[in-house]
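Taking it in order: structure first as structure tokens, then the write-up.
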Amino acid sequence: MNWQLIYVLLTLNLTAATLGLAYFAWKHRSRKGALSFAALMLTVAVVSLPYAAALASDTLRQVVFWNKMQYFGLSVLPVVWLIFAFEYTDNRRWLKLQNLVQLLIVPFITLLLALTNEEHGLIWEKTRLADVGSFSTFDPVHGFWFWIFMSYSYVLLGFGSITLLRKALNTWSLYRRQAAAIFLGTLLPWVGNLMLIFDLKPFPELNPIPIFFNLGCICFAWAVFRLSMLDIVPVSYEDVIESLPDGVLTVDINNRVTAVNSIIRPFLNREPDKILARHIEDVFADIPPEFKHLYRAKDARTEIDTGSTSIEVRVSPLYNRRKQFMGRLLLFRDITHRKRAESALKQRLEHLSIIREAYEEIGSTLNLDKILSLAVDAAMRLSKSQAGYIALLDQEELHIAASTGYGEQSDTHKLILKADRIILDRVVTSRKAQLLLDIFLESTYSPFLFDTKAKIVVPLISQNTLIGLMNVETANPDHYTSEIFDFMQILASRIAAAIDNAHLHLSLQNRLGEVHRLYQKVSQLEQLKTDMIRIAAHDIRNPLMAISIALEMLNEDQTADLPKLYVQSIHNAANRISHISEGILSLERIEAMATGVNMQIVNLCEPARQAAQDFADMAAQRSQQFVTDVDGEAFVRGDAMQLYEAITNLIGNAVKYTPEGGEIKVSLSQQAQEVIFTVEDTGYGIPDDKHERLFQPFFRVKTRETQEIEGAGLGLHLVKNIVDRHHGKIIFRSTYGKGSVFGFSLPIAQM
Ligand code: ADP
């Protein structure tokens, strides 16, 4: 068997396979570890190709040459392997340029020494060929540096392998198998190498290098193609932490920081690198004390508010695969935006609820004063103002209808309007709301309240008509945001509509009152008319009966004495009828005159004297003592005819309701600003229970003494009507059985 050929072919196969794997890895170079794997395979190819050449060579010179060439790959192979192992297991912290340069010192020296071996023999002390059956092979005596390089290589191999093994033990099964395949793929060539160096060959013709290297290559190919090594690579713990959107910090059982990501920087104000492995109390030295002990909790959530930022911190326990407590995970999240949005939303809801409440309250009443006070209150709450008022326009003039926060002096409202005049005029003219965030920009304006710094003035417009203004002011302009300004205008439109409604309601109420009064008057008149007809029908029937009986008697009885008696009876009855009709007529006349009273200055002494004269005879006939005290002048403003009517009625009643021999005193006097007319008698008087109804039309007091006395019950009602029309007061006192005082007082006429 031509072993030499077999080994050459095996080695070439290895070269091809490693180049293939290198190419495949290069194509997948974006995957983690792919690039270093490509480098590793390429390095193996760089070793294996000269090795094949060396195997195929016959002369020592050629063999030595190719062995030297091998060192281009061999010298860096341990370093490339280490890089790959570290990258695959995510120990990239080690892969710093400085470290790599240091690691490459030995390989560099080794390569130099290999290329210049003839000068010193530090790699191969002796180069020679040994016959192994059918072919000869390179069998050198290794030099001093060769052993150093070998030791160095195995140390690196050991490091890489331990890293891989640790990964294999601590990870999921797929990655574990990947790591095992790689480990085996690495171990096999080095075992072969050792066998070659120490001549541990079961058969003399066996060259372990091509065989073991090929076996190693199969392991790598297995890892790549069957275990998706370059396809599914384990994601590192650090990568996961780093790519989390929150600041992450983990601590172990002793509260030492085991991991952080860069997002933590603004939260702790420290560089993440400087925090690692420190005790957490050192790390938290600068943060708010209430949070300091939070890390001691196993499971907690809290918010730290630093004024400008809000941070949410969550603490949760970390357990390993065996459910043992390993430490804690602390997540820091910047929730400033969320907090701001939340508080803006809360404020907006507050504003909306104030507006909704105000809408409901203002809409629930038609009382203008109540609407105004509710409106000012709502405006103050909405804008968080110190003072505010609502001024209403009344015939082009503004007056403050409701205010709060300005103090209680009597002329406050006038002074406020005077101070605010410029701004109010501007709003009245433009009909546009004004937001003055800095009143000092208004050069000519000085506010009524000395600490006022900002103002909102909104026009109150209802149905396109400006009905007033609403003003609020504050010493803290921060409250007056554009949102508040908008809300104030919305509120103002509701207030304006409510004020308009209240005005409308008030004028409707007034009209309704007027109609009601008219209705009452009409009803009274209607009642009077009905009563008149009833009384007339009733009272006139008796005297008419008397007349007709008397006339019948006259007709039948022609005796001398009787006619006189009948004539007298007819006369009396006719008198009674005329009396009743007079009463009705005078009352009607007075009612009719109500609309057009003929007012002039009247000396009340004249009608009083005239009336007294009219009744003097009648009193004398009844043997009554009739005293008058009505001389001089007593001027009042009024209708002379009506006043005479009233006086006549009162004197007539006194004569009528005072028995023979009684006393009657008619007097007229002036007191302060009044003219007082009274008629005093010692007549029958009126029982107390009848006083109240005395002045109602057709009311008559029928006592034992007066029931025979005739009358229509209209006289006193007439007197009251006349006195009322002259803005006077009725005077009345009476004691049953003793006598009465009737009269009136009128204001003295201003001349
Ligand atoms: P009339 O005298 O036609 O009945 P009045 O309206 O003048 O109607 O008076 C109403 C009632 O008041 C009378 O019926 C009478 O009983 C009572 N009255 C009026 N004046 C006096 C008086 N001076 N003294 C006592 N009673 C009087």
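The values are calculated or read from the model by the stated rules, or taken from the named source; none is laboratory data. Since the model is a prediction, treat every value here as computed from it, not as a measurement. A quick note on method: Cβ atoms are made from the backbone with ideal geometry, for glycine too, and the neighbour counts reach across all protein chains shown. Areas reflect the complete protein model, heavy atoms only, side chains present, ligands, DNA and RNA absent. Shrake-Rupley method; radii C 1.70, N 1.55, O 1.52, S 1.80 Å.
When Thr171 is tested against (1) at pLDDT 80 or above; (2) more than 14 Å from Ile218 (Cα to Cα), just one condition goes unmet, and that condition is (1). Ser153 passes every criterion in (1) surrounded by fewer than 17 Cβ atoms within 10 Å (Cβ to Cβ); (2) modelled with pLDDT of 80 or more apart from (1). Scan segment 335-348 and give yes if some residue there is more than 18 Å from the chain's Cα centre (by Cα) and open to solvent by less than 80 Å² (accessible area, probe 1.4 Å), otherwise no. Checking segment 335-348: at least one residue is more than 18 Å from the chain's Cα centre (by Cα) and open to solvent by less than 80 Å² (accessible area, probe 1.4 Å). The C-beta contact set for segment 696-724 (first residue within 23 Å of Ile676 (Cα to Cα), second residue hydroxyl-bearing (Ser, Thr, Tyr) and more than 6 Å from the ligand (Cβ to nearest atom), distance under 7 angstrom, 6+ apart or interchain) comprises Leu718/Ser586. The residues on offer are Ile490, Ile499, Ile456, Ile461, and the sole one that is touching a Leu at 6+ places or on another chain (Cβ under 9 Å) and farther than 24 Å from Gly407 by Cβ is Ile499. Residues that are among the small types (Gly, Ala, Ser), in a loop (DSSP other than H, G, I, E, B) and either modelled with pLDDT under 90 or surrounded by fewer than 11 Cβ atoms within 10 Å (Cβ to Cβ) (or both) within segment 403-459 comprise Gly407, Ser410, Ser443, Ser446, listed in sequence order.
Report yes if Ser462 is polar (S, T, N, Q), open to solvent by 70 Å² or more (accessible area, probe 1.4 Å) and either under 17 Å from Gly388 (Cβ atoms) or at pLDDT below 95 (or both), otherwise no. Criteria not met by Ser462.
Does Leu491 satisfy the criteria of being within 19 Å of Ile355 (Cβ to Cβ) and within 23 Å of the chain's Cα centre (by Cα)? So Leu491 fits the description; yes. Among the helices (runs of 4 or more DSSP H) confined to segment 267-307, the ones with at least 2 residues that are at pLDDT 75 or above are located at 272-275, 280-283.
Selection within segment 632-657: residues that are small (Gly, Ala, Ser) and open to solvent by 10 Å² or more (accessible area, probe 1.4 Å). The member of this set that is nearest to the ligand (Cβ to nearest atom) is Gly652. Among the candidates Ala114, Ala85, the residue that is more than 30 Å from Gln4 (Cβ to Cβ), surrounded by 19 or more Cβ atoms within 10 Å (Cβ to Cβ) and in contact with a helix residue (DSSP H, G or I) (Cβ under 7 Å, 6 or more places away or on another chain) is uniquely Ala85.
Within segment 659-700, if we keep just the residues that are within 8 Å of the ligand (Cβ to nearest atom) and of a type in the set (Gly, Ala, Ser), the residue that is farthest from Glu633 (Cα to Cα) turns out to be Gly685. Taken over segment 117-150, the criterion of being closer than 13 Å to Ile197 by Cα and open to solvent by 60 Å² or more (accessible area, probe 1.4 Å) is satisfied by Trp147 alone. Here is the figure for segment 39-90: residues that are basic (Lys, Arg) and closer than 21 Å to Phe108 by Cα total 1. Each residue in segment 731-750 was checked for being of a type in the set (A, V, I, L, M, F, W, C), open to solvent by 10 Å² or more (accessible area, probe 1.4 Å) and more than 11 Å from the ligand (Cβ to nearest atom), and 3 pass. Within segment 722-743, the set of residues being touching a Leu at 6+ places or on another chain (Cβ under 8 Å) and not in a loop (DSSP other than H, G, I, E, B) comprises Ile722, Val723, Phe732, Phe742, Gly743.
Number of residues in segment 380-400 that are assigned to a helix (DSSP H, G or I) and in contact with a helix residue (DSSP H, G or I) (Cβ under 6 Å, 6 or more places away or on another chain): the value is 3. Scanning segment 673-697 for residues being buried (at least 16 other Cβ atoms within 10 Å of the Cβ) and part of a loop (DSSP other than H, G, I, E, B) gives a total of 8.
Residue pairs whose Cβ atoms lie under 9 Å apart, separated by 6 or more positions or on different chains, with the first residue in segment 492-504 and among the polar types (S, T, N, Q) and the second assigned to a helix (DSSP H, G or I), are Asn501/Gly363; Asn501/Ile371. For segment 701-730, a residue qualifies if it is open to solvent by 20 Å² or more (accessible area, probe 1.4 Å), modelled with pLDDT of 90 or more, more than 7 Å from the ligand (Cβ to nearest atom) and touching a helix residue (DSSP H, G or I) at 6+ places or on another chain (Cβ under 6 Å), and exactly one does: Ile730. Within segment 382-398, residues that are in contact (Cβ under 8 Å) with a residue 12 or more places away in the chain have Cβ atoms under 8 Å from residues that are buried (at least 18 other Cβ atoms within 10 Å of the Cβ) and assigned to a loop (DSSP other than H, G, I, E, B) in these pairs: Ser383/Tyr480; Gln386/Thr452; Ala387/Tyr406; Ala387/Thr452; Tyr389/Tyr406, counting only partners at least 6 apart in sequence or on another chain.
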